[in-house]
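Novice: One structure, pasted below without further comment.
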């Protein structure tokens, strides 16, 4: 939490002003009872009407000043806390922007989203609370007690005794309630989990006629949670009444001892009345402060989660002195490359060596988990190899400027993510100022022009967040078009034809070949039909290349390939 | 206060209806609230008396005379003094400075008792409220869960999971957190305000008038600020929502962003949204932060007013110092309930909106009741006939116009057609997830509509692509369809389904608990488990969905193998994405645009040269 709060430095000016105003606010709150006691002792008891009116006017001024400064505190506190959180969010987004697959895998996309939004909001709300309370409470305590001692030491002792009792008591109740709160959260999660399961699995539940069992399972969880939350609420219910009781008993003590002091003529009635009110003010300050401690655990967890992300150094950074190759040939070469994920002992791919030549199609095929995608994601440096080198145009990819490297590659990832905007903005993703002709040409290659033209607004038809309003096959074609719209001379397709029917698949591939005659094309696929015409096919199994050659060569020489080809292509043969 | 819409009122009424079963406790808590408040507001009054006693003593010590108004309400309860006042109003009792001040002691004892009782009753009220509110929420949750089981499948097909989930979880939580707060605070706050006003008027009407000015002024200021800050908070929420979906989209597509050099643009767009959010959030926070000082300002002005007016009145002799003190305390007690009330009024709006959404869900039409004279089939041969089946998801859009088919015991039926042709519709009808618009599906000659739904479904087993597993051990998941299955039977089912081996490699074997999204299992393993689940349930008729493409070849082989074993001797329906799986089917049903267009064996259909043949040929180029 403290680590994160270093960012508050930028708001030092606001914070200093806020603290000054807090002093004014505390001062005015404490001055009101003091003035009141003067009115009683000098005005009322001595019957001085003029004094009463003058003191009253001074009190009004104090009140106005106090409220104005309280509003000022609110202004600067919101400005600093919200601004600080805005900065943090910005910093976080930029930081995450530099993350590569590895870091995204480690934290998880949805968790990163939560941390960038909800967690920061929690910190924001807590921080405002903190600003407004944490400084005020000690000022009120110290100020109140000092004033009380000025009036009368014996009576002030009552305050001094009350304070620790309140603090101890607050800590006790909150301490015993926290564990229950936490277990309650777990129980609530369970209740919601069952509801979610019942909704997402409604077909299965009914198919197995398990409705009554599910109802029972839910009832048990519901009962469990209801009891836990009732317990915790009852515990919290003791807090306010008992606090009030302590304060009120403190008041009684003040009156008892005050009564004696007054009858002995040591102090006056107004002094006693002022003391009672100091007690009240101190109590409110302490209760507000206890709220901070109640909110702190949650907020500090959020802060830690944010700091955790900020402290992750992305594994892949730009080369310090980037090299630029002399020629844009398009040759991609792997030299004995090995890649492992995280702490896994077994490498995802090992000892990969091959060269993909311009004007040719190089294909990778193999079962899921055989490491095909892991191989190609090293070309644009989405991951870096553990050992070995990947070269593009004869230079190690790690020596490139990242932007420069990626400009050379038109990459279609397995998941065709689209972004909110229009169809045009998605195809022209690499260059906002792309000409309409170029967009259309790319769409034609991807066989997307047809369905785009049929849309109401054509190329300007809106795409929803994440591309959810576009069907799977269309999304894939738009992702292909996005790659085809770049000036790249290396094209990489990671299982990018899977959602297309056979006819479209073939048409797209043919169009790509025709339009990228001198480009290097690398295709990853599961369907033999997609890649059987490639110039070179690499067969992968358990992270290794176990076969290399053309379709015919592999059919004869690679048993794994022959097996895949048989199961996928034999379907006609058996019956015909 | 804001005007409520009729829906809101009825939602409020129904929500209150949930308290009805606990009306005794509600009555009790109301009594506790009233009693607690009475004690709470008597406190300052009695404290004022104590102060008066002290002042009188000081006066008596200085002058030797006590000048008293016998009817001073400040003396109420101090009989000892009242009884010892002579006709001129002079105190003639025992000297007050003697002994340990018996009168003051007595007053303070009363005060301690009052404070103690006030604390006790406040506690009781809060405790009972917690119990009642939590119980009422329990009932509401039960109703919602029961509703989930009773809604027709049509509801789930026409509403997104997100919508249903937010009604059944988020909305319920909103209600549950605020219901208790409303119940505890609103009543006490209102009682306190009323009580204080009454007390003030009985003490001194001129000063009470100050309170009467302050009260509406504070309420007005509060509700204005609350309203304003609500609109700002809505702005903050919207800004946050925009940032959230932007961030989500960009994190999900981060590789694309990098590959196509979109980082700079993303930063620019993000900054814009972030700045808007900053602006909205700052306004919202500021608006809500002035609520307290603004109300305090009004309250404090009242405080000052009482000091001045009270001082003048007391100096003039028509008011006691104790009364000023009581007034000052009342003024301080005033602000808290006012702020609470205006907060609660705001909270009520969102709570009622949530309640309305929940009640809307609870009001959805349910599945028609099962017929009382239902025919029961314990065991079926697995003969199924479709007789002039007519069906559409809505009566004005009939998809299946007139479907006839006859399936005999042990046959394999393939269902195929282009995506979106309505393959799942047939499952929906077979399982009676939906009812027909005409015709009948007969199982061993019995119209399925004449059986209970549960009876129909118990005859079928389903293995779908959507591998739903629930958070429990693997063992419990396998016996989901037959809870009475023994451990041996469960393991036997897994062996048949080729799942036994991988289950044993898991750290806890059969007792491994499946995570929420079953993230600890691969999708192939999950599919094997659903096959094992079907084995364990041992149904007489099966519905199978072909394996997804996300399964590697080895697992796929295990699955086809297991499916083959599972279908042996059972009538089975197979949904095919690749035609190779259904070449050998006894009957192939070809669907297009929701309706059955062709049926027959592979060879027969090829001869027709229609939809099926076209589909078949498109697989080979």
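To keep it simple, each residue is scored yes or no on (1) closer than 23 Å to residue A:328 by Cβ; (2) touching a helix residue (DSSP H, G or I) at 6+ places or on another chain (Cβ under 6 Å).
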site	(1), (2)
A:390	yes, yes
A:396	yes, no
A:404	yes, no
A:420	no, yes
A:423	no, yes
A:428	yes, yes
A:435	yes, no
A:442	yes, yes
A:454	no, no
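Novice: Let me ask something else about it. Out of all the residues in the range B:153-175, is one or more within 26 Å of residue B:337 (Cβ to Cβ) and either in a helix (DSSP H, G or I) or away from chain A (no Cβ under 14 Å) (or both)?
Specialist: Quick first cut of the range B:153-175, residues within 26 Å of residue B:337 (Cβ to Cβ) only: B:174-175.
Still in the list and also either in a helix (DSSP H, G or I) or away from chain A (no Cβ under 14 Å) (or both): B:174-175.
Yes, the range B:153-175 contains a residue that is within 26 Å of residue B:337 (Cβ to Cβ) and either in a helix (DSSP H, G or I) or away from chain A (no Cβ under 14 Å) (or both).
Novice: Here is a follow-up. Answer yes if at least one residue in the range B:370-377 is in contact with a strand residue (DSSP E or B) (Cβ under 9 Å, 6 or more places away or on another chain), in contact (Cβ under 8 Å) with a residue 12 or more places away in the chain, away from every other protein chain (no Cβ under 14 Å) and assigned to a strand (DSSP E or B), and no otherwise.
Specialist: yes
Novice: Quick check on the range B:252-264. Is at least one of its residues in contact with a strand residue (DSSP E or B) (Cβ under 7 Å, 6 or more places away or on another chain) and at the interface with chain A (Cβ under 9 Å from one of its Cβ atoms)?
Specialist: From the range B:252-264, those in contact with a strand residue (DSSP E or B) (Cβ under 7 Å, 6 or more places away or on another chain) are B:259; that's our starting set.
After this cut, where a residue has to be at the interface with chain A (Cβ under 9 Å from one of its Cβ atoms) as well, the list is B:259.
Yes, the range B:252-264 contains at least one residue that is in contact with a strand residue (DSSP E or B) (Cβ under 7 Å, 6 or more places away or on another chain) and at the interface with chain A (Cβ under 9 Å from one of its Cβ atoms).
Novice: Answer yes or no: is there a residue in the range A:147-166 that is under 16 Å from residue A:29 (Cα atoms) and away from chain B (no Cβ under 14 Å).
Specialist: Step one: list which residues in the range A:147-166 are under 16 Å from residue A:29 (Cα atoms), which gives A:147-148.
Cutting the leftovers down to away from chain B (no Cβ under 14 Å) gives us A:147-148.
Yes; the residues of the range A:147-166 include at least one that is under 16 Å from residue A:29 (Cα atoms) and away from chain B (no Cβ under 14 Å).
Novice: Follow-up question, since we're still on this one. Give just the number: which of (1) more than 8 Å from chain B (Cβ to nearest Cβ); (2) free of Cβ contacts under 8 Å to residues at least 24 places away in the same chain; (3) buried (at least 20 other Cβ atoms within 10 Å of the Cβ) does residue A:216 not satisfy?
Specialist: Going through (1) more than 8 Å from chain B (Cβ to nearest Cβ); (2) free of Cβ contacts under 8 Å to residues at least 24 places away in the same chain; (3) buried (at least 20 other Cβ atoms within 10 Å of the Cβ) one by one, residue A:216 breaks only (3).
Novice: Inspect the range B:459-473 for any residue being more than 13 Å from every other protein chain (Cβ to nearest Cβ) and under 37 Å from the mean Cα position of the chain (by Cα) and give the result as yes or no.
Specialist: yes
Novice: Looking at the range A:510-522 only, could you name the residues that are crowded, with 21+ Cβ neighbours inside 10 Å and at pLDDT 85 or above?
Specialist: Taking the range A:510-522 first, the residues crowded, with 21+ Cβ neighbours inside 10 Å are A:512, A:516, A:520-522.
Passing the criteria: A:512, A:520, A:521, A:522.
Novice: Now for a different question. Restricting attention to strands (runs of 3 or more DSSP E) lying wholly within the range A:273-371, give those where 2 or more residues are surrounded by 18 or more Cβ atoms within 10 Å (Cβ to Cβ) and in contact with a helix residue (DSSP H, G or I) (Cβ under 6 Å, 6 or more places away or on another chain). Break it down into steps so the answer makes sense when it comes.
Specialist: On the way: elements: A:332-339, A:349-356, A:361-366.
Filter on the range A:273-371 gives A:349-356, A:361-366.
Novice: Quick check on residue A:236: is it in a helix (DSSP H, G or I) and under 22 Å from residue B:311 (Cα atoms)?
Specialist: Working: in a helix (DSSP H, G or I): yes; under 22 Å from residue B:311 (Cα atoms): no.
No: the conditions fail for residue A:236.
Novice: Would you mind finding the one in B:288, B:342 that is facing chain A (nearest Cβ under 9 Å), touching a residue at least 40 places away in the same chain (Cβ under 8 Å) and either buried (at least 24 other Cβ atoms within 10 Å of the Cβ) or within 37 Å of the chain's Cα centre (by Cα) (or both)? Break it down into steps so the answer makes sense when it comes.
Specialist: Values: B:342 fails: facing chain A (nearest Cβ under 9 Å).
Testing whether each residue is facing chain A (nearest Cβ under 9 Å), touching a residue at least 40 places away in the same chain (Cβ under 8 Å) and either buried (at least 24 other Cβ atoms within 10 Å of the Cβ) or within 37 Å of the chain's Cα centre (by Cα) (or both) leaves just B:288.
Novice: Within the range A:88-97, does at least one residue satisfy the condition of being more than 8 Å from chain B (Cβ to nearest Cβ) and surrounded by fewer than 17 Cβ atoms within 10 Å (Cβ to Cβ)? Steps first, please.
Specialist: Start the filter on the range A:88-97 by keeping residues that are more than 8 Å from chain B (Cβ to nearest Cβ), which leaves A:88, A:91-92, A:95.
Then keep just the ones that are surrounded by fewer than 17 Cβ atoms within 10 Å (Cβ to Cβ); that gives A:91.
Yes, because at least one residue in the range A:88-97 is more than 8 Å from chain B (Cβ to nearest Cβ) and surrounded by fewer than 17 Cβ atoms within 10 Å (Cβ to Cβ).
Novice: Only one residue in A:206, A:175, A:132 is touching a helix residue (DSSP H, G or I) at 6+ places or on another chain (Cβ under 8 Å), free of Cβ contacts under 8 Å to residues at least 40 places away in the same chain and either within 14 Å of another protein chain (Cβ to nearest Cβ) or in a helix (DSSP H, G or I) (or both), so which one is that? First the steps, then the outcome.
Specialist: Working: A:175 fails: touching a helix residue (DSSP H, G or I) at 6+ places or on another chain (Cβ under 8 Å); A:132 fails: free of Cβ contacts under 8 Å to residues at least 40 places away in the same chain.
Of the residues listed, the single one that is touching a helix residue (DSSP H, G or I) at 6+ places or on another chain (Cβ under 8 Å), free of Cβ contacts under 8 Å to residues at least 40 places away in the same chain and either within 14 Å of another protein chain (Cβ to nearest Cβ) or in a helix (DSSP H, G or I) (or both) is A:206.
Novice: Now, a different point. Look at residue B:280 and say whether it is facing chain A (nearest Cβ under 7 Å), within 19 Å of residue A:87 (Cβ to Cβ) and part of a helix (DSSP H, G or I). If you could, list the steps in order and put the result at the bottom.
Specialist: Working: facing chain A (nearest Cβ under 7 Å): no; within 19 Å of residue A:87 (Cβ to Cβ): yes; part of a helix (DSSP H, G or I): yes.
No; evaluated as a whole, the condition is false for this residue.
Novice: Among the residues in the range A:252-270, are any under 17 Å from residue A:169 (Cβ atoms) and either at the interface with chain B (Cβ under 7 Å from one of its Cβ atoms) or at pLDDT 85 or above (or both)? Reasoning before the result, please.
Specialist: Of the range A:252-270, the ones under 17 Å from residue A:169 (Cβ atoms) are A:253.
After this cut, where a residue has to be either at the interface with chain B (Cβ under 7 Å from one of its Cβ atoms) or at pLDDT 85 or above (or both) as well, the list is A:253.
Within the range A:252-270 (the criterion being under 17 Å from residue A:169 (Cβ atoms) and either at the interface with chain B (Cβ under 7 Å from one of its Cβ atoms) or at pLDDT 85 or above (or both)), the answer is yes, since at least one residue qualifies.
Novice: Looking at the range B:350-361, is at least one residue closer than 30 Å to residue B:294 by Cβ, within 14 Å of chain A (Cβ to nearest Cβ) and not in a strand (DSSP E or B)?
Specialist: Looking through the range B:350-361, none of the residues is closer than 30 Å to residue B:294 by Cβ, within 14 Å of chain A (Cβ to nearest Cβ) and not in a strand (DSSP E or B).
Novice: If you don't mind, another one. Given (1) more than 30 Å from residue B:605 (Cα to Cα); (2) within 14 Å of another protein chain (Cβ to nearest Cβ), where does residue B:495 come up short, assuming only one miss?
Specialist: With (1) more than 30 Å from residue B:605 (Cα to Cα); (2) within 14 Å of another protein chain (Cβ to nearest Cβ) applied to residue B:495, the lone miss is (2).
Novice: Another question, then. Report yes if residue A:65 is more than 10 Å from every other protein chain (Cβ to nearest Cβ), in a helix (DSSP H, G or I), in contact (Cβ under 8 Å) with a residue 40 or more places away in the chain and in contact with a helix residue (DSSP H, G or I) (Cβ under 6 Å, 6 or more places away or on another chain), otherwise no.
Specialist: Taking the combined requirement at face value, the residue satisfies it.
Novice: Of all the residues that make up the range B:417-458, how many are surrounded by fewer than 17 Cβ atoms within 10 Å (Cβ to Cβ), in a loop (DSSP other than H, G, I, E, B) and more than 37 Å from the chain's Cα centre (by Cα)?
Specialist: So the count comes out to 3.
Quick grid of which residues meet (1) modelled with pLDDT under 85; (2) at positive phi:
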position: B:441; (1), (2): no, no
position: B:444; (1), (2): no, yes
position: B:467; (1), (2): yes, no
position: B:483; (1), (2): no, no
position: B:493; (1), (2): no, no
position: B:513; (1), (2): yes, no
position: B:516; (1), (2): yes, no
position: B:520; (1), (2): yes, no
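The values are calculated or read from the model by the stated rules, or taken from the named source; none is laboratory data. The structure displayed is predicted, hence computed values, not measured ones. Cβ atoms come from the backbone with ideal geometry, glycine included; neighbour counts cover every protein chain shown.
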